[in-house]
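Note sheet for the following structure.
No lab work stands behind these numbers, since they all come straight from the coordinates. Quick caveat, the model's predicted, so the values are computed rather than measured. We place every Cβ from the backbone using ideal geometry, glycine too, and count neighbours over all the protein chains shown.
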Amino acid sequence: MVSIENGCRALTVWRQPLRGLIVLLVTIVLAGVHAPQASGQSSEGERESVTLEGSHTDIQFLAARTVLIKAKVADDVFAAGRDVTFESATVKNAVVAGYDVEFRSGNATDMIAAAANLKISGAIEDDLVAAARSMRITSQGTIGGDARLAAETIDLEGRISGSVRAAARRITISGEIAGKADLLAERIVIAPGANIAGDLIYRSGAKPEIAEGATIGGEIRRVEVDMPDPRSFARAIVGIGLLIVFSWALAMLLLIAVVQLVFPNFISDAAGDLQDHPWSNLGFGVAIHLLAVVLGGLFFASIVGIPIGAALTMATAVVWLLGLVTVSACIGLFVRGRLRRPVDIRPLGRIGWAIAGAIILGLIALVPFVGVVVVGLAVAAGFGAAAAELWGRLRTT
């Protein structure tokens with residue numbers, strides 16, 4: 001059986017990094033728009049490199065091939081480039097996207113980062129949300145809050161004052177985690193000198209490699225991560241499809257019953273004419289439909305004629321519905337005539353035979369290719385009979 005609860009728990013590891021990546025996409029766009037704000041360089045120089053120095057009280061947007069931040073910024077910093085480096089920088093919140101991103105020294109309140117290679121040696125006072133190919137928090141790096149990480153390889157050598165949730169192919173912990181560590185990985189290594197004050201929760205097929213000298217203050221427990229069975233998806237899709245088809249068929253049968261109940265004489269007369277003159281009604285139905293399509297196209301081609309075209313389309317749809325009920329009633333009455341002697345039929349009986357005819361049409365439609373063609377021609381003939389009956393009644397009023 002698939003464990004939906006465990007699967008959802010595993011996916012929560014990725015929720016914060018993905019949310020951060022959405023912010024980063026906006027960052028790249030905004031940085032490209034606002035890049036000229038960065039430290040008075042030429043337009044050509046800004047595309048190659050940007051260096052932010054000094055003190056700033058407002059928000060900073062930086063974008064270039066190489067971005068170097070050595071400033072004190074009282075507001076947020078948004079930076080995008082191939083190489084983005086923070087050196088002795090003090091910023092409020094850092095939102096960064098790049099190939100090589102390094103927080104070399106300084107401090108930030110929070111950081112959201114996406115990079116191919118991410119290295120943190122400075123101080124993040126609160127939370128870190130990051131996604132990268134390779135990620136390293138060095139022994140000089142500190143995270144004052146929680147860390148939400150996703151990468152191919154993660155090396156945690158510094159101190160994290162909160163908890164860690166991480167997903168990677170390999171996770172190595174040799175530093176200190178004051179809270180719990182919730183890890184999803186193929187390989188988990190707890191190196192000598194590592195200290196995890198809380199629980200070690202791992203979601204992996206292999207046990208964590210815990211070296212001598214590593215300390216884990218809480219319990220070590222494994223959470224099963226059951227991958228969904230593709231066959232269960234297939235069964236679910238088939239089940240949903242069958243439910244949709246059943247619901248649609250039930251709605252159509254109910255609609256046919258309502259039309260038969262509301263217009264019993266009209267349907268009866270049209271069905272009788274269809275039974276007596278099937279081919280002429282088929283030709284008339286095809287001709288009327290083609291005429292309606294041509295006229296509708298002409299009306300929709302002009303702004304003035306759009307309301308008329310819309311009205312014509314709706315009227316055609318109504319007649320098609322009457323045609324479907326007509327051919328269903330005709331088939332039902334035909335079958336009834338073969339089963340018993342023709343006698344007067346009560347209103348409920350007419351509804352029942354119309355529904356039976358519709359079910360027969362549905363069964364014929366299940367025959368590959370031929371069934372669809374036969375049902376299409378039958379409904380077209382019913383459309384012709386209904387249109388002829390409607391025209392005849394309008395002429396006599």
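Simple point charges give the picture: +1 on the Cβ of Lys and Arg, -1 on the Cβ of Asp and Glu, and for the stretch 281-397 a dipole about the Cα centre of about 500 debye.
Cross-link partners for residue 180 among the lysines, with Cα-Cα distance under 21 Å and sequence neighbours closer than 8 places in the same chain left out: 207. For residue 70, the lysines whose Cα falls under 29 Å of its own Cα, not counting residues fewer than eight places away in the same chain, are 92, 119.
Which of rounded, prolate or oblate describes the stretch 230-396 when judged by the alpha-carbon gyration tensor and an a/c cut-off of 1.5? Oblate. Label-to-label distance for residue 303 and residue 126 is 5.3 nm, based on points extended 7 Å past Cα in the beta-carbon direction.
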